[in-house]
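Scroll down for the structure; my scribbles are underneath it.
No lab work stands behind these numbers, since they all come straight from the coordinates. Since the model is a prediction, treat every value here as computed from it, not as a measurement. Methodologically, a virtual Cβ is constructed for each residue, glycine included, from the backbone with ideal geometry; neighbour enumeration extends over all protein chains shown.
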Ligand code: PHE
C-alpha cells in the first residue's frame, strides 16, 4: 500500500481545505442567494447555521476521515458495513457538481480574458452577459478550457499544487475583496444596499430562506460529499481538528461575506434602488462587478486581478472535486490514473454541455420548471446533499456513536464544543434536514409554495 501523504502542519491543512471550500460558492453563489432571499436575514441565518450545523458536520467529516485514514466509501464501510452505501451516495454528488461548476468557471475565464484584453468596458454594458451565455460555441469553449485546466492540475499531482497556489492566492483575494467592498460603499446609492445586506429584516424570513441558506452551507463548505472525509484522511494527528475547522469556517464565511458586500450594494447603486434587480440569480456577479470596475480608476487592471483570483479560487475547488471523482474510480477500477483523469474529463464535458446550452439553444428544455444548470444545482444541493448529511448524522449519532469521533477530536486537547456537536448530530440536524428535504421537494413539484 502506498503511504498516505499528509499536509504539513495546521496551516497546510487549513489552507488546503479552505482552497476546496472557498470558490465560486462564496463569490458567485452566496451573493446572489443573499440578494434574492432577503439580504440581512439570509446573512444572519447563514452565519447561525454555519456556526452550529456546519461546524458539527465539518468536524464530524474530518474526524471520520482522520480516524479511519480512508476516503468516503472506505471510511463508512470500515465503521459499519451496512452504511457503505452512504459512501456511494456521497460520491455521486461531486460527479454532478463538477460539470456545471466548470460551466460557471468558464464564464469567469471569459470575463478574465475580456479584462486582460482591455475590453472591460464592453463587459459592463447591459445585455453583455445575457448575450454571451446564450451563444452556443463561446461558452462551451470557455467551459472546456476550464475543465481541461482542472484535469491538467489533477494529472500533474494535487496536494502540493493546491497548497502552493492557495497559500499565495487566498490572502490576496481577501485583501482585494475588502478593498473592492469599501470602494463600492462610497458609490452613490450603495449605502442602501449595505443596510439591506447587513440589517436583518425579520419580515423577510421565509422557509425558503432557511432552505437556501442550508443548501449554500453544504456547497460552500464542501460538505456532504465526502471531500472533507478525504481531506481528514490526509490530516496529521498532531494538528488540532477543532481549531482547524474554526479557521476554515472563518475563511469561508469571511470571503462570502465580503463578496456579498461587494456585489449587493453595487446592485443598488446601479439599478437606482430598484429591488427587482436583486432577483437576477446566477448572473448577478457577472452583471454587477464589471460596472463597478468601469467606474474605478485603474478598473481594467483591478478587474483583471479580481477575475484571476476568482479563477484560481474556482480551480482549487474544481480540482478537489475532480480529485475526489478520480480517486473513487481509481479505487474501483484498475486503470492508470492519468487515463482515468482523461475519461473523467470527457465525461464531464458531455454532462456539462447541456448546462451550458441550457442558457441558449436548449433554453426551452426544462426539468421540473428549472433550467438545466439550475436543475443540477437543485438536485445536488437541495436533495442529495441533505440526504447524505442526514444519513451521516444518523450514522454518527446512532451507529458509530459520537464518542467514536470525539475520541479522535480529543487527541489534541479538550473538545470545547462537544455538547454542541452531540446535540447537533443526534437531534437538531436530523430533524431540520428532514423538514427541509421534504419541503424543498414539495416546493419544486409545486405541491406547496413556500
Ligand atoms: N465549496 C466550493 C465553493 O464554494 C465548491 C465545492 C463544492 C468544492 C463541493 C468542492 C466540493 O465554490
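Points to keep in mind about this one:
- Spin-label proximity, residue 168 to the range 282-318 - amide N less than 18 Å from point 7 Å beyond Cα toward beta carbon: 304-317
- Among 207, 83, sorting on how many other beta-carbon atoms sit within 10 Å of each Cβ, with the fewest leading, yields 207, 83.
- Label zone at residue 274, where the point sits 7 Å out along the Cα-to-Cβ direction: the range 120-161 residues whose backbone N lies under 13 Å: 126-127
- Among 146, 85, 306: highest mean-square fluctuation, GNM of the chain, C-alpha pairs under 10 Å: 85
- Extents of the range 401-450, largest first, come to 49, 15, 14 Å (Cα atoms, principal axes, whole angstrom).
- Using a Förster distance of 22 Å, the FRET efficiency for residue 236-residue 84 (Cβ separation, nearest 0.05): 0.25
- Convex hull volume per residue, computed on the Cα atoms of the range 302-437, equals 216 Å³.
- The C-alpha atoms of the chain define a longest principal axis, and helix 40-49 lies at about 10 degrees to it.
- Between residue 368 and residue 205, full extension at 0.36 nm per residue minus the direct alpha carbon distance yields a gain of 56.2 nm.
- The range 234-282 - Rg (one decimal) and Dmax (whole number), Cα, Å: 17.7, 54
- Net lengthening on full extension, residue 195/residue 336 (0.36 nm per residue, minus Cα-Cα): 45.3 nm
- Angle in degrees between helix 9-21 and the longest Cα principal axis of the chain, rounded to the nearest 10: 50 degrees
- With kT/(6 pi eta Rh) evaluated at 37 °C and eta = 0.692 mPa s, and Rh the Kirkwood radius from Cα pairs, the range 34-80 diffuses with a coefficient of 263 µm²/s according to Stokes-Einstein.
- GNM top mover of 233, 206, 148 - the chain, alpha-carbon springs below 10 Å: 206
- Here the range 101-190 is treated as an ellipsoid with the same Cα gyration tensor; its semi-axes, largest first and in whole Å, are 27, 23, 9.
- Where the Cα pairs of the chain fall when distances are cut into 20 Å bins, in %: 26, 60, 14, 0
- Förster-model FRET efficiency, 25 Å R0, residue 113 and residue 383, C-beta, rounded to 0.05: 0.10
- Cα Rg over Rh - the range 70-150, Kirkwood: 1.27
- Nearest 10 degrees, 0 to 90: helix 241-271 Cα axis against the chain principal axis: 20 degrees
- When only alpha carbons of the range 198-268 are considered, Rg and Dmax amount to 15.8, 48 Å.
- Set against the 2.2 N^0.38 Å expectation for a compact globular protein, the range 1-139 has a Cα radius of gyration ratio of 1.39.
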